[in-house]
Structures are given as C-alpha cells and as structure tokens.
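Notes follow once the structure below has been shown.
The values are calculated or read from the model by the stated rules, or taken from the named source; none is laboratory data. Quick caveat: nothing in here was measured; it's all calculated off a predicted structure. Here Cβ is always computed from backbone atoms with ideal geometry, including for glycine, and neighbour counts include all displayed protein chains.
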Amino acid sequence: MNEATDILKEHINKYPFAEAFLKIDKLLLRKDIVNVAIDGMSASFKTSFSKVLMEIYHCNVFHMDDFFLNEEMKTQERLGEIGGNIHYERFKDEVLNHLGEEFKFLKYDCKTGDFIESELIKKNKLNVIEGVYSLHPYFGDIYDLSIFFKVDDDIQKQRLLMRNEKLYEKFINQWIPMENRYFKENNLMGKSDLVIDTSNL
C-alpha cells in the first residue's frame with residue numbers, strides 16, 4: 001500500500017496535472033453535474049489546460065475573458081474594487097445561474113467593444129470556468145473543485161512578452177497588480193482545493 005502511494009505521489013509530482021484529472025474523475029463518478037474553476041496568474045496555462053479538459057471530457061468551457069468590463073463600466077470606483085475588473089454580475093446572471101440547462105450568453109469582445117451571442121450551450125455533466133476572477137467571492141459556493149495555477153514572476157513576464165508585446169506594459173503596470181491584489185485579499189492559493197505550479201513547463 002505504501003509503495004503504491006509513493007508511486008502515485010511520484011507520478012503527480014512529475015505530471016502536475018495528474019491530480020486534477022484524478023479529482024475530476026472522482027467527482028464525475030458521484031455527481032450529476034460537476035463545476036470546476038481554474039483561476040490563477042496570467043500566462044500560467046489556464047486556458048491551455050481548459051482546452052485539454054474539453055478535448056478529453058467534451059465538457060463545457062467558459063472563459064472569464066468574455067466578461068471583462070466594457071468601456072462604460074471602467075470607472076475609477078469599479079477598477080478600484082478588489083476583483084472589479086470583471087463583470088461578475090453578468091457572468092453569474094448569464095452563465096452560473098444556468099449551468100445544468102440549455103442557454104446562450106453574450107461574449108464581450110475587448111478589441112471591438114461589441115457583444116456577440118454565444119452558440120447554444122447544452123447541458124453537460126462537466127462545466128469548466130477558466131480565467132482570472134473565476135473564483136470571485138460574489139459567485140458563492142458553486143464549485144465542486146477549485147484549482148489555482150501559479151507561475152514564477154520572471155517566467156510569467158517572459159511568457160507575456162512572447163504572447164503580446166504590445167500589451168506587455170499594460171499587463172505589468174495595470175492588470176497584474178489588480179490580479180495579485182485579488183489573489184492576496186481573497187487568499188485564493190490557501191482556499192483552492194488544488195494549486196498547480198506551471199513554472200517548469
């Protein structure tokens with residue numbers, strides 16, 4: 001028994017996502033609907049992992065990027081709020097309140113400032129919500145599994161620079177400080193069911 005446990009621990013340490021798969025599989029065996037949140041630092045592979053989950057489980061995946069504030073909502077008061085950089089009220093009304101049924105919602109395109117209606121979302125046993133602010137306290141206790149992705153600060157900067165050089169300064173000077181404040185004030189690493197470090201990937 002101890003040998004098997006040691007082998008499993010070694011496997012999990014070598015493949016940081018293994019424990020997430022184990023936890024999801026266990027939940028799917030005993031629950032009709034499973035809701036998973038993937039929150040964490042920018043450039044820590046949250047979106048990439050959600051795509052893997054979608055390929056493996058054919059689950060619904062919702063991206064918090066579709067719920068950033070439109071220009072009218074970007075007031076000094078709102079942006080000064082912890083976790084206020086996301087339209088969390090709309091996400092709860094349009095998505096979280098409808099998990100387990102068929103529905104549509106509006107995606108906000110930051111580049112164009114337009115709202116685009118989603119395709120029909122069908123009822124699914126597994127729903128994955130990924131992105132910074134997916135564990136916003138406004139949503140309450142709706143998740144069966146909460147996962148926090150972290151990455152070394154220097155590696156994060158390297159990845160962000162490679163991802164989008166034009167937006168790099170905005171990430172460093174505006175968005176990341178807001179995200180870090182949200183993480184710290186809500187103790188997300190301490191409260192999450194699982195913390196995954198992607199620095200070495």
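Condition check ((1) part of a helix (DSSP H, G or I); (2) among the aromatic types (F, W, Y)) across all residues:
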position: L160; (1), (2): yes, no
position: K166; (1), (2): no, no
position: F171; (1), (2): yes, yes
position: S199; (1), (2): no, no
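None of S146, S134 is of a type in the set (G, A, S), part of a loop (DSSP other than H, G, I, E, B) and within 24 Å of D93 (Cα to Cα) except S134. Just wondering, is there one or more residues in segment 115-125 that are in contact with a Ser or Thr (Cβ under 7 Å, 6 or more places away or on another chain), of a type outside the set (S, T, Y) and modelled with pLDDT of 95 or more? No.
Applying the set (1) at pLDDT below 95; (2) aliphatic (A, V, I, L, M); (3) within 17 Å of the chain's Cα centre (by Cα) to I7 leaves exactly one unmet item: (3).
Please name all residue pairs, on different chains or six or more residues apart, with Cβ atoms under 8 Å, provided the first residue is in segment 91-111 and is modelled with pLDDT of 95 or more and the second residue is among the basic types (K, R) and part of a helix (DSSP H, G or I). Taking only residues 6 or more apart or on different chains, the pairs are L106/R90. Checked against (1) assigned to a loop (DSSP other than H, G, I, E, B); (2) exposed (fewer than 13 other Cβ atoms within 10 Å of the Cβ), G100 meets all criteria but (2). Of the listed requirements (1) among the small types (G, A, S); (2) in contact with a Leu (Cβ under 9 Å, 6 or more places away or on another chain); (3) outside any loop (DSSP other than H, G, I, E, B), S50 misses just one: (2). Looking at R78, is it free of Cβ contacts under 8 Å to residues at least 60 places away in the same chain, in contact with a Gly (Cβ under 7 Å, 6 or more places away or on another chain) and either under 25 Å from D141 (Cβ atoms) or not in a helix (DSSP H, G or I) (or both)? For R78, the condition - free of Cβ contacts under 8 Å to residues at least 60 places away in the same chain, in contact with a Gly (Cβ under 7 Å, 6 or more places away or on another chain) and either under 25 Å from D141 (Cβ atoms) or not in a helix (DSSP H, G or I) (or both) - is met. Take the conditions (1) in a strand (DSSP E or B); (2) surrounded by fewer than 13 Cβ atoms within 10 Å (Cβ to Cβ); (3) of a type outside the set (S, T, N, Q); V128 misses just one of them, which is (2).
Taking Q174 as the residue in question, decide whether it is more than 15 Å from the chain's Cα centre (by Cα) and buried (at least 19 other Cβ atoms within 10 Å of the Cβ).
no
Residue pairs whose Cβ atoms lie under 8 Å apart, sitting 6 or more positions apart in sequence or on different chains, and linking a residue in segment 34-45 that is in contact (Cβ under 8 Å) with a residue 12 or more places away in the chain and part of a strand (DSSP E or B) to a partner that is hydroxyl-bearing (S, T, Y) and crowded, with 24+ Cβ neighbours inside 10 Å, are A37/S134; I38/S134; D39/Y133; D39/S134.
The set of residues in segment 81-90 that are part of a helix (DSSP H, G or I) and either touching a helix residue (DSSP H, G or I) at 6+ places or on another chain (Cβ under 7 Å) or at pLDDT below 95 (or both) comprises Y88, R90.
The numbered conditions (1) crowded, with 20+ Cβ neighbours inside 10 Å; (2) under 13 Å from the mean Cα position of the chain (by Cα) are all true for V95 except (2).
Take the conditions (1) more than 18 Å from T47 (Cβ to Cβ); (2) assigned to a helix (DSSP H, G or I); (3) not polar (S, T, N, Q); E119 misses just one of them, which is (2).
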